[in-house]
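Please read the structure below before turning to the comments.
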Amino acid sequence: MTHSTLDPAPAAGRRPAGRSALVIGGGLAGTTAALALADAGLRVTLVEGRPRLGGLAFSFHRSSPAGVLSVDNGQHVHLRCCTAYHWFLERVGAARLAPLQGRLDVPVLDARGRSGRRLGRLRRTGLPVPLHLSASLATYPHLSLAERAQVGRAALALGRLDPEDPALDGVDFAGWLRRHGQSPRAVEALWDLVGVATLNATAPNVSLGLAAMVFKTGLLSRPGAADIGWARAPLGELHHTHARRALDAAGVTTELRTRVTAVTRTPRAAGARPPPGGRERSRGPRRTFSCWPYRSARRTPCCPTAPWRTPTGCCASAPRPSSTCT
């Protein structure tokens, strides 16, 4: 399934009687699932326990001497390889609020570096992988010449790993880097620089499987995969305001402040059960879906919004936005 086969506009009149779906959770995965199911012609109800959409990527307001501030929680940057998130932004009409840079170019400042060597840059050229980063690495001032050579060798070794190999989940990334000649300085100035931004964790707290997925997909798959995009508007505007507008336009019934505690199935219907005293969310025959981002949390940081890879094949009957972050 490619993006071109997913019509960004809801198709009116394509909802056959009796076909409906319930999506539990209004995070990025649930919202994307609800929109894709509605576009496929189903009648969709989306339930979310919070008073807002967006899951862990949201905004809240705080007073300050400068006035009321909108404070974001969640990942502000995304990569060009995160095509499922790009689909989401296009679908909710917010792509212009999270643009991608034309080419990876990140200044790196070492506050403790000696004069003249404090500022370095990680930038790519138009050369094929892995040569696209070679010029940047060769002149990277925060590592010695020997350390830069070792980084190149470790990157090639990382590129030979299979991120889907379950054995890699039992190996910590820091230990693997150490065994491949990476100094503490190299880990701090390069590997963790990328890892913390994408995985929200340092090398000792990351599995080799997760690190291999992120570095191979973002840096070693194709030259532009790691080009960075960022939100120019509060995350709540992207993931709640624009998303809710798109859901309403697609005919999705969105129930906020509706917490589901169980999903049950009967011969005629499947429904979600709210807490005691709450409202029953089952209304006639329906197919019930509960969506998680990817197979488990270990696969989400590169593409935190790719909802289609799940433990049970969730939403497999709906059109799936393609993603190179797999």
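The values are calculated or read from the model by the stated rules, or taken from the named source; none is laboratory data. Here the structure is a predicted model, which is why all the values come from computation and not from measurement. In this analysis, Cβ positions are derived from the backbone assuming ideal geometry, glycine residues included, and neighbour counts consider all displayed protein chains.
Give me the helices (runs of 4 or more DSSP H) completely within the range 107-216, filtered to those with at least 1 residues that are hydroxyl-bearing (Ser, Thr, Tyr) and touching a residue at least 24 places away in the same chain (Cβ under 8 Å), ordered by residue number. Don't jump to the end; show me each part of the working.
Working: elements: 134-138, 145-159, 173-179, 192-199.
So the answer is 192-199.
Would you mind stating whether Arg124 is touching a His at 6+ places or on another chain (Cβ under 6 Å), of a type in the set (Lys, Arg) and at pLDDT 90 or above? Before you say what the answer is, go through the steps one by one.
Details: touching a His at 6+ places or on another chain (Cβ under 6 Å): yes; of a type in the set (Lys, Arg): yes; at pLDDT 90 or above: yes.
For Arg124, the condition - touching a His at 6+ places or on another chain (Cβ under 6 Å), of a type in the set (Lys, Arg) and at pLDDT 90 or above - is met.
Which one of Gly13, Gly26 is at pLDDT below 90 and assigned to a loop (DSSP other than H, G, I, E, B)?
Within the list Gly13, Gly26, the selection yields Gly13.
Here's a check for you: in the range 30-47, which residue that is of a type in the set (Val, Ile, Thr) and buried (at least 24 other Cβ atoms within 10 Å of the Cβ) is farthest from Thr254 (Cα to Cα)? Full working, then the answer.
If we filter the range 30-47 for residues that are of a type in the set (Val, Ile, Thr), which is where we start, we get 31-32, 44-45, 47.
If we keep only those that are buried (at least 24 other Cβ atoms within 10 Å of the Cβ) as well, we get 31-32, 44.
Details: Thr31: 10, Thr32: 13, Val44: 9 Å.
Ranking the qualifying residues of the range 30-47, first place goes to Thr32.
Determine if the range 123-143 includes at least one residue that is touching a Gly at 6+ places or on another chain (Cβ under 6 Å), surrounded by fewer than 18 Cβ atoms within 10 Å (Cβ to Cβ), under 21 Å from Val214 (Cα atoms) and in the same structural domain as Met213 (by TED's automatic domain parsing). Talk me through it step by step, then tell me what you get.
Just the residues of the range 123-143 that are touching a Gly at 6+ places or on another chain (Cβ under 6 Å), to begin with: 140-142.
Pick out the ones that are also surrounded by fewer than 18 Cβ atoms within 10 Å (Cβ to Cβ) and you get 141.
From the residues that got through so far, the ones that are under 21 Å from Val214 (Cα atoms) too are none.
The answer is no; no qualifying residue exists.
Which residues, taken from the range 73-98, are part of a strand (DSSP E or B) and surrounded by 17 or more Cβ atoms within 10 Å (Cβ to Cβ)? Give the derivation first.
Kept after step one, since they are part of a strand (DSSP E or B), are these residues of the range 73-98: 73, 77-79.
His78, Leu79, listed by residue number.
List the pairs whose first member sits in the range 49-65 and is under 19 Å from Gly25 (Cβ atoms), whose second member is β-branched (Val, Ile, Thr) and part of a loop (DSSP other than H, G, I, E, B), and whose Cβ atoms are under 8 Å apart, counting only residues at least 6 apart or on separate chains?
Every condition considered, the pairs that remain are Gly49/Thr258; Gly49/Val260.
Could you check the range 219-241 and list, in sequence order, the residues that are out of contact with any helix residue (DSSP H, G or I) (no Cβ under 8 Å at 6 or more places or on another chain) and either crowded, with 21+ Cβ neighbours inside 10 Å or more than 14 Å from Ala98 (Cβ to Cβ) (or both)?
Ser221, Arg222, Gly224, Leu235, Gly236, His240
Consider His240 against the criteria (1) at pLDDT 95 or above; (2) assigned by TED's automatic domain parsing to the domain that holds His142: it satisfies all of them except one. Which criterion is unmet?
That leaves (2) as the condition not met.
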